[in-house]
Structures are given as C-alpha cells and as structure tokens.
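The values are calculated or read from the model by the stated rules, or taken from the named source; none is laboratory data. These figures come from a predicted structure and were not determined experimentally. Here the Cβ is made from the backbone with ideal geometry for all residues, glycine too, and neighbour counts use every protein chain on show. Heads up: the accessible areas ignore ligands, DNA and RNA and are worked out on the full protein's heavy atoms, side chains in. Shrake-Rupley method; radii C 1.70, N 1.55, O 1.52, S 1.80 Å.
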Amino acid sequence: MEQEGRVDHLHNIIKKLLVKLEKSLTIVTRVTSLFKSPFLRVTKELLQKASSRLVMLISHKTKAGKYPMSSHEIPQEAGQQEAGNSPDILVVGGGPAGSTISALLAEHGYDVVLLEKSHHPRFHIGESLLPLNLPLFERLGVEKQVASIGILKYGAEFVSPDHDNSSHFDFGRALDKSFPHAYEVRRSELDEILFKNAIAKGARTHEGCRVTGTEFPGGARAVVTSQSEDGQITRWHPRFVVDASGRDTLLANQFGIKQRNKKHASAAIYGHFEGAERRIGKEEGNITLFWFEHGWFWYIPLADGSVSVGAVCWPYYMKSRKVDKEQFFFDTIALCPPLAERLQAAKLASPVTATGNFSYTSSRSSGSNYLMLGDAFAFIDPVFSSGVLLAMNSAFAGAEAIDVCLRNPAEASRALKKFDRTSRHGLRTFSWIIYRMTTPVMRNLFMQPSNKFRLQETLLSVLAGDLFGNTPVQSRLMLFKIIYYLQSIFMFKESYRAWLRRKRTIKEVVGEMTAP
Ligand SMILES: Cc1cc2nc3c(=O)[nH]c(=O)nc-3n(C[C@H](O)[C@H](O)[C@H](O)COP(=O)(O)OP(=O)(O)OC[C@H]3O[C@@H](n4cnc5c(N)ncnc54)[C@H](O)[C@@H]3O)c2cc1C
C-alpha cells in the first residue's frame with residue numbers, strides 16, 4: 001500500500017512536470033511564429049512536434065487512468081490523434097468558407113485543424129456561382145480545377161408572369177467588364193476541390209468528425225469537443241476557433257445570438273432533372289429565374305447535362321402541402337407554365353428535398369478568439385446566387401483578421417471590426433434588393449432594364465458580386481435606389497399593395513416563430 005502511494009505521488013509529480021513542459025513548449029512555439037526566419041520556422045516545427053508528442057504521452061497516461069488531469073489542461077481520450085490537439089486554429093465545417101480559410105491560414109504557416117462532419121464528396125445545394133468567385137479561386141490556385149467541373153455561365157435570364165418578354169443580363173456588360181462569366185457546378189465536386197486544396201496547403205483535416213461543443217474559458221485557448229463516427233471523443237485546445245458550420249450555425253446557436261430575419265422569410269423545395277430543355281451555344285449555362293405566384297424558381301443547367309430546379313417560396317405556401325414532397329414539387333412546377341414547358345420531356349433524377357424558412361442572421365460575427373463565416377453567421381435568400389461568394393469572401397477577410405489577432409493581439413479588436421464590416425457589407429447590399437424583389441417597381445427594373453445613368457450596368461455589377469473591389473458600385477447603387485423610390489411614388493397603389501402583402505406574410509411567419 002505504502003509503495004502504491006509512493007508510485008501515485010511520483011506519477012503526480014511527473015504529470016505536473018509534463019503539463020508545465022507542454023505549456024512552455026507552446027509559449028516558445030508561439031514566440032518563434034512571430035518571426036519569419038527559416039531557422040526559427042524549423043525550430044517552430046520541431047517544437048510543435050515535441051509538443052504534440054507530449055500531449056499524446058499525457059493523453060495515453062490519462063487514458064490508462066494513471067494521470068487524471070483537468071479537462072482544460074489536456075485533451076481527453078486523444079490517443080487516436082495522429083498529431084497535437086493544440087493547433088493554432090480549429091475550423092468547424094469543410095464547406096467553401098471553412099476550406100478556404102483553412103487553406104489560407106495553413107499556407108501562412110499556421111497549424112490548422114479542419115473538422116467536417118460528413119465525407120467529401122457530399123451533396124450540397126447552391127450550384128450557381130458568380131463572376132467574382134473567379135478571382136478568389138485564382139488566389140487559392142484552384143481555378144483550372146473549378147473550370148474542369150463547371151459549365152460557363154455568362155448571365156441570367158428573368159421570366160415573369162406579368163411581362164410578355166423575358167429579360168437577359170449579360171455579365172460582360174457590367175460596370176467592370178473584366179469578369180464576363182461564372183460557372184454552374186455540382187457542389188459535391190466544388191466543395192471537394194476546396195477541401196483537398198486545404199489539405200494540400202497543409203491543414204490537418206478530419207472527415208466524419210462532428211464538433212459537439214465549444215467552451216471559451218478565458219485565457220489563451222478555447223476548448224472544442226468533437227466526436228468521430230466511431231464514437232471517439234476528442235478535446236481540442238486551439239488559440240482561435242472558426243465557425244464555418246453553415247446553416248447548422250454552431251456558435252450562434254450555442255451563444256443564443258441567432259435571430260430570424262424579421263424582414264424576409266423563404267423556404268425551398270428542389271430536385272434534379274435529366275432530359276430537360278437547354279439553351280444552345282453561349283446561353284447554355286445561363287441561370288433562368290421564373291417568378292410565379294408564391295415565389296420564384298431557379299433553373300440551373302449543369303455540365304453533365306442535368307438541370308437543377310428549385311422553388312423558393314413563402315413559408316405559408318410550403319406549409320400548405322398535403323401531398324408527398326415529390327407530388328408537391330410537381331404541382332408547384334405546374335403553377336409556372338413557362339418552366340413546366342421546359343421540363344416537358346424531363347425525368348426527375350434525384351430525391352426531392354425541402355427546407356424550412358432559412359432567412360436568419362446573428363447579432364455578432366466574432367469574439368476575442370472566435371469568428372463566424374458564411375452561412376454560420378447569416379443567410380438571406382438564394383435569389384442572386386451570392387451564398388458561395390459571400391462565404392468565400394468572408395473566409396478571406398477572416399484569415400486576415402485571425403493573422404492580426406494571433407501576431408499582434410493589440411490590433412485584434414480593430415481587425416475583428418474590419419472583418420465584421422466586410423461580412424455585413426455584402427449581406428446588406430444584396431438584402432436591399434432581395435427585400436424589394438416582390439414589388440412591381442423592382443420587377444419592372446429587372447424586366448425592362450434601361451441603361452440610362454448606367455443603371456443596368458450597376459445592377460449587373462451587383463449580380464456579378466462586384467461589391468468588394470474598386471468598382472464604383474455603391475455610388476451608382478445610390479442612384480438606382482433613388483430611381484426605385486421615385487418610381488414607387490408614381491406606382492404608389494401597386495407598391496403599397498405589394499408592401500402590405502409582404503408585411504402580412506412575414507408577420508405571420510415571425511408571429512409563428514415567437515409563439516410559445
Ligand atoms: C435553397 C438554397 C439554394 C441556394 N442556391 C445557391 C446558389 O445557387 N449559389 C450560391 O452561391 N449559393 C446558394 N445557396 C447558398 C449556399 O448554399 C451557401 O451560402 C453556402 O454553401 C455557404 O457556404 P458555407 O461554407 O458557409 O457553409 P456550407 O457550405 O453549408 O458548409 C458547412 C459545412 O459544415 C459542416 N458542418 C456543419 N456542422 C458541423 C459540425 N458541428 N461539425 C463539423 N462539421 C459541420 C457541414 O457538413 C458542411 O460541410 C443556396 C442556399 C439554399 C438554402
């Protein structure tokens with residue numbers, strides 16, 4: 001007994017020494033990362049390896065029950081890790097936002113862990129990209145791979161039941177003519193390219209690994225818990241956490257800061273068709289938007305010959321469903337004759353998926369050692385195909401902010417504010433148009449576009465996603481807004497009716513959401 005007691009005492013001393021050593025190594029590693037010299041870089045890598053080994057050693061002993069430790073000091077049940085559990089950055093979610101920021105930060109020399117709950121390639125909706133996605137692909141070095149899976153999208157066509165003509169928008173005629181096209185892609189393929197790029201740039205990735213909780217106990221490191229498919233639980237201790245969990249909104253849910261959008265509500269039902277009518281030549285890859293009584297449809301031709309079709313509707317319409325999803329989808333398509341005509345010879349080639357109201361935002365986008373990207377922060381509506389662009393753009397802005405936070409903590413607050421401004425800027429610009437899309441004046445502006453005062457070019461620049469560069473879109477958009485408001489005064493009766501209908505519909509949704 002006495003001997004066992006002495007052994008336990010010795011174990012405890014060794015445990016304390018190992019924990020101190022690991023902490024010291026982490027500090028030295030951090031200090032060396034401040035300098036860019038090759039010698040210090042090698043030293044940093046060696047120290048990181050030593051630190052990782054130490055964590056594994058401690059974890060192993062903990063698992064064996066010999067060195068029980070506080071959960072905040074070291075990872076629990078981490079024997080399965082191939083490397084350290086204390087990365088610089090832990091990214092939750094390997095969609096466009098998560099994979100982009102992981103690639104950028106790993107390229108910068110940071111130790112990045114990226115956890116994805118499913119396995120690539122996995123299905124995701126959101127197949128139509130914008131021209132301003134292309135410079136981002138170029139900066140990541142994946143532009144050729146994206147081109148190989150996509151079909152060229154030169155513009156968009158709008159079809160309205162209240163207008164005899166359809167209207168065509170050609171990205172090549174935007175204010176800045178240097179981004180004349182985008183792509184339509186299968187998201188399973190695009191997201192896999194971006195995820196593999198993060199691996200190639202040095203991020204440590206785990207698929208089939210769901211983040212189940214995060215803690216921010218104060219001090220240098222957060223605690224993130226993940227569970228892999230075989231049930232193994234791992235505790236991670238990153239310096240910075242990135243939430244890129246998409247519409248799962250991991251952190252916003254945890255903090256209780258996710259709010260339903262009070263100005264907008266939308267739900268969707270969608271599927272893929274084979275044998276649908278396609279345009280020929282340059283227009284083959286263009287997206288078509290069909291307005292109908294309860295919302296609008298997207299019609300996205302994909303490179304493999306299939307077409308993605310989805311209805312984005314007011315939630316009240318989706319709730320009226322009394323038949324199964326597939327039948328409801330076909331019934332909804334029948335409400336839009338020009339779309340039904342294009343699908344006359346087509347066969348449904350996928351299951352039909354429906355989503356509930358997906359319009360929300362979070363009241364903050366960051367804290368001292370975390371930030372939220374893309375859909376994990378906010379999502380409004382897919383009408384302008386802006387989701388992937390905004391997600392990737394927020395990842396570029398987020399990488400810049402995190403780099404400042406970790407290198408120069410005194411500047412962290414300024415960097416995070418800048419990140420917040422960038423994230424909100426894109427959402428704000430798109431939402432102004434989205435909220436007015438159902439008004440007769442906005443319909444007319446889309447269906448009878450005039451280039452007086454370069455209005456059509458301005459609209460095209462917004463549709464191309466040209467919101468973050470040097471193009472004078474914002475000042476031109478001011479003029480667009482003035483013209484919109486003036487025309488609304490001239491069409492007061494129709495505008496007021498549309499505004500009232502919209503307000504009532506949203507109030508119903510918000511009322512239902514706040515009901516006990
Ligand atoms: C009906 C509809 C149509 C759309 N159409 C378009 C379109 O045409 N064009 C467009 O640009 N955008 C479109 N969007 C929006 C687009 O899909 C999203 O904006 C975009 O995918 C956001 O990227 P993200 O990286 O933020 O999130 P996501 O792409 O959703 O990626 C999040 C990732 O996180 C993973 N994850 C979630 N929780 C966890 C967890 N706890 N642990 C580990 N991993 C986790 C998920 O598996 C997923 O891979 C559409 C959206 C909807 C709803």
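Structure notes:
- If you go through region 273-302 and keep only what is touching a Lys or Arg at 6+ places or on another chain (Cβ under 9 Å) and away from the ligand (no atom under 15 Å from the Cβ), you end up with Phe273, Glu274, Gly275, Ala276, Glu277, Arg278, Glu284, Trp291.
- Boolean, Ile402 is buried (at least 22 other Cβ atoms within 10 Å of the Cβ), of a type in the set (A, V, I, L, M) and at pLDDT below 95: no
- Residues satisfying the stated conditions in region 152-203, i.e. out of contact with any His (no Cβ under 7 Å at 6 or more places or on another chain), in a strand (DSSP E or B) and not charged (D, E, K, R): Ala156, Phe158, Val159, Ser166, Ser167, His168, Phe169, Ala182, Tyr183
Residue by residue, here is whether (1) more than 10 Å from the ligand (Cβ to nearest atom); (2) touching a helix residue (DSSP H, G or I) at 6+ places or on another chain (Cβ under 9 Å); (3) of a type outside the set (Gly, Ala, Ser) holds:
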| residue | (1), (2), (3) |
| --- | --- |
| Pro338 | yes, no, yes |
| Tyr360 | yes, yes, yes |
| Arg364 | yes, yes, yes |
| Ser386 | no, yes, no |
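- When the criteria are applied in full, Pro87 meets the requirement of being at pLDDT 95 or above, more than 14 Å from the ligand (Cβ to nearest atom), open to solvent by less than 10 Å² (accessible area, probe 1.4 Å) and not aliphatic (A, V, I, L, M).
- Arg247 among the charged types (D, E, K, R), in contact (Cβ under 8 Å) with a residue 24 or more places away in the chain and within 12 Å of the ligand (Cβ to nearest atom): yes
- Leading residue by the ranking (farthest from Val211 (Cα to Cα)) among those in region 121-169 that are more than 14 Å from the ligand (Cβ to nearest atom) and of a type in the set (Asp, Glu): Asp164
- Just one of the listed residues (Asp162, Asp176) is surrounded by fewer than 16 Cβ atoms within 10 Å (Cβ to Cβ) and touching a residue at least 40 places away in the same chain (Cβ under 8 Å), and it is Asp162.
- Test result for Tyr270, out of contact with any strand residue (DSSP E or B) (no Cβ under 9 Å at 6 or more places or on another chain) and either among the aromatic types (Phe, Trp, Tyr) or within 28 Å of Val224 (Cβ to Cβ) (or both): no
- Asn470 satisfies every condition listed in (1) under 30 Å from Gly109 (Cβ atoms); (2) in a helix (DSSP H, G or I); (3) not acidic (Asp, Glu) except (2).
- Here Ser118 qualifies as surrounded by fewer than 19 Cβ atoms within 10 Å (Cβ to Cβ), at pLDDT 95 or above, closer than 27 Å to Ala267 by Cα and within 15 Å of the ligand (Cβ to nearest atom).
- Enumeration of residues in region 218-244 that are outside any strand (DSSP E or B), open to solvent by 40 Å² or more (accessible area, probe 1.4 Å) and within 12 Å of the ligand (Cβ to nearest atom): Glu229
- Filtered residues of region 100-115 (kept if open to solvent by less than 10 Å² (accessible area, probe 1.4 Å) and of a type outside the set (A, V, I, L, M)): Thr100, Ser102
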